[in-house]
1. Using the Kirkwood radius over Cα pairs, work out the Stokes-Einstein diffusion coefficient for the range 137-178 at 4 °C and 1.567 mPa s, in µm²/s as a whole number.
2. Taking the 0 to 90 degree range and rounding to the nearest ten, how far is the long axis of helix 283-299 tilted relative to the main principal axis of the chain, both from C-alpha atoms?
3. Between Glu20 and Gln154, what length in nm is gained on full extension when 0.36 nm per residue of separation is reduced by their alpha carbon distance?
4. Divide by every residue of the chain the summed helix terms, -39500 (n - 2.57) for each DSSP H run of at least 4, and state the resulting mean residue ellipticity at 222 nm, rounded to the nearest 500 deg cm²/dmol.
5. Quick one: net charge around Arg458, please, counting Lys, Arg +1 and Asp, Glu -1 for every other residue with C-beta under 9 Å from its C-beta.
6. If I take R0 = 60 Å and measure r between the Cβ atoms of Arg164 and Lys384 in this structure, what FRET efficiency does the formula 1/(1 + (r/R0)^6) give, to the nearest 0.05?
7. Could you state the number of Å between the C-alpha centres of the range 411-468 and the range 177-236?
8. I'd like to know which of Ala71, Leu185, Ile372 lies farthest towards the positive end of the charge dipole of the chain, counting +1 on Cβ of Lys and Arg and -1 on Cβ of Asp and Glu.
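The values are calculated or read from the model by the stated rules, or taken from the named source; none is laboratory data. Quantities reported herein were computed from a predicted structural model and do not represent experimental measurements. Cβ coordinates were reconstructed from backbone atoms using ideal geometry, including for glycine residues, and neighbour counts include every protein chain displayed. Please note that ligands, DNA and RNA were not included when accessible areas were found on the heavy atoms of the full protein model with its side chains. Shrake-Rupley method; radii C 1.70, N 1.55, O 1.52, S 1.80 Å.
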Amino acid sequence: MLNNLANLFSTRFDQSGRIEDVNEAIRLHREALEHAPTPHPNRSVTLNSLGSVLLAQFRKTGFADMDEVIALHQEAVGLLPAAHLHRPASLYNLAIALSARFGQAGQIEDIDKAITVSRKAFSLLLAPHPYQSIILSDLANFLHMRFNQTAQIQDVDEAIKLHRKVLGVHNSVRSASLDNLASALFTRFRWTSCVENLDEATVLHKEVLALLPAHHSQRPGALNNLAGDLSAQFYQTGEIQNIHDAITLHREALGLLHAHHHQSGSCNLANALAIRFTHTGQVEDVDEAIALHREVLRTAPHSHQLASLSALANVLELRFDQLGQVEDVEAITLHRKALNLKLLPAHHPERPFSLSGIGTALHMRFGKTGQIKDVEEAIGMLRKAVAMLPVAHPRLAALATLLSNLAGVLDLRFGETDKIVDVEEAIALYRKALELIPTRHTERPGTLNCFASVLVTRFEKLNRLPDAEEAIKTYREALSLLPPDHPENCKISTNLGRVFMAMFVFTK
C-alpha cells in the first residue's frame with residue numbers, strides 16, 4: 001500500500017517535476033522499507049523503488065547520497081536468487097546507479113562495475129526479451145563514457161557495434177538509438193580522424209532531425225549535434241558553407257530552448273561564430289560570440305563558472321590575436337580567476353587547460369607589446385600544464401596541443417634571446433607532439449607546419465642541411481594530409497618554397 005502510494009507520487013513527479021512529490025515518494029518508500037525487514041518477500045522491490053526515486057531526485061536537483069543509492073540496489077540484488085525473474089532488472093538498476101555516481105565523482109571503478117553488471121544482466125535475459133535492447137543501449141553508453149575517461153579505443157568500437165545491434169531490433173525510440181550511434185561515431189572520429197565515421201555520424205544526425213517534430217523536446221539537441229558534425233566537416237574540408245550551416249542550426253536550437261537551458265545553446269552558437277571569425281575575419285561574429293559568453297557567465301551557477309570563464313577568455317584571446325584590442329587582455333585575468341582554488345583545486349582535471357590558457361594569452365600579448373616577461377611567464381605556465389597532463393589523456397590530442405604550444409613559445413623566445421637551446425627543445429617537443437597525433441587527425445597538418453618552421457630556424461642558425469631536408473619532407477607530409485582546395489595549402493606551399501630557396505642559396 002505504501003509502495004503503491006509512493007509510486008503514484010513518483011509518477012506525478014515524472015510528469016510535473018515538483019520536488020515535493022519526489023520527497024513524499026522517498027518518505028513513503030522509507031516507511032515501507034521499515035515494514036519489510038529481511039527476509040520479507042517485498043524488501044527487494046522496496047529497496048529498488050527507493051533507490052530509483054533517490055536517483056530521480058539526484059537527476060533533478062543534483063543532491064542525493066549516491067553511496068546510499070548504490071547500497072540499496074546492491075542489497076536488492078543480494079536478496080534475489082541467481083535464477084530469480086527480477087534479478088536482471090535489479091542488476092540493471094545497480095548499473096544505472098553506478099554510472100550516475102561515475103558521472104558525479106569520476107571514479108573509474110564505478111563505470112567498470114556498471115559495465116560488468118550490465119553484461120551480467122543481459123546474460124540472464126532469454127531472447128527475445130523487451131529489456132535486451134534497453135540494457136544493450138545503456139551498456140554501449142557506459143562503454144562510451146569509459147572511453148572518454150581512458151581513451152581505450154576498443155570501448156568505443158564495442159559501443160558502436162552494440163548501438164548497431166540495437167538499431168537492428170525494431171524499437172519505438174529509433175531517433176534515440178540513431179543519436180547514440182552517431183555520437184559514438186563522432187567520438188571515434190575525434191580520436192582517430194576517420195572521416196568515414198564523421199560522414200556516417202552526419203548522415204545519422206540528419207535522420208534523427210528528420211524524425212523529430214518541430215517542437216519536440218529533443219529537437220534542440222539534435223540541431224546542435226548536426227551543427228557539431230558540420231563544424232567538424234568544415235575543419236576537414238575548409239568548405240565555408242559547412243560553418244554557415246552550423247551557425248544557422250545553432251541559432252534555431254537556441255530559439256527552441258527554454259530560458260533556463262539557454263546557457264548551453266548560447267555557448268554552442270558562440271563557439272561556431274568564433275570558428276567562422278578565424279576564417280572570414282567578420283568582426284561582428286567575434287563580437288557576438290563575446291557578448292554571448294558574457295551573458296552566460298553573468299547567469300551561470302557557481303558550478304559552471306569555470307567553463308564560462310574559460311570560454312569567454314578563449315574568445316577574447318582570439319579577438320586580441322586578430323585585432324590587437326588592448327582591452328581583450330582581460331582574458332589573462334579571467335584565466336587567472338579560473339585558477340582560484342575555490343573554482344579549480346590543485347588536482348582538478350581542468351587545471352592544466354586553465355594554465356595553458358594563461359600561457360597562450362601571455363604569448364599573444366607579447367606579440368603586441370614585446371614584453372619578454374610575458375614570454376617567460378607563458379613558458380612557466382605551459383610547463384606546469386604539460387607536467388600535470390597524463391600521457392594517455394582522453395581528450396583529443398590534448399597533450400600534443402600543450403606540447404606544441406610550449407614549443408611555439410620557446411621558438412618565440414629564441415627570436416628574442418638567440419639561445420639555440422630553446423630551438424633544440426622546441427624541436428624535441430614537436431617530435432613528441434607528432435607521436436601523439438594520429439596520422440589523419442585534423443591537428444596534424446598544422447603541427448607539421450610549425451615543426452618544419454622550427455627546423456628551418458635551426459637550419460638558418462646552424463647551417464645544418466639535414467634540417468632543411470627534414471623540413472621539406474615535413475611540409476610535404478602536411479600538404480598530403482589536406483584537401484587540394486584547403487585554405488592552409490597556400491600558406492604551407494609558400495613555406496615550402498622558401499625552404500627550397502634557402503637551400504639553393506646555401507648550396508650554390
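1. So the translational diffusion coefficient is about 124 µm²/s.
2. Around 40 degrees separate the two axes.
3. 43.9 nm
4. It comes out at -26500 deg cm²/dmol, rounded to the nearest 500.
5. Its environment carries a net charge of -1.
6. Using R0 = 60 Å, I get an efficiency of 0.90.
7. 36 Å
8. Ranked along the dipole, the leading option is Ala71.
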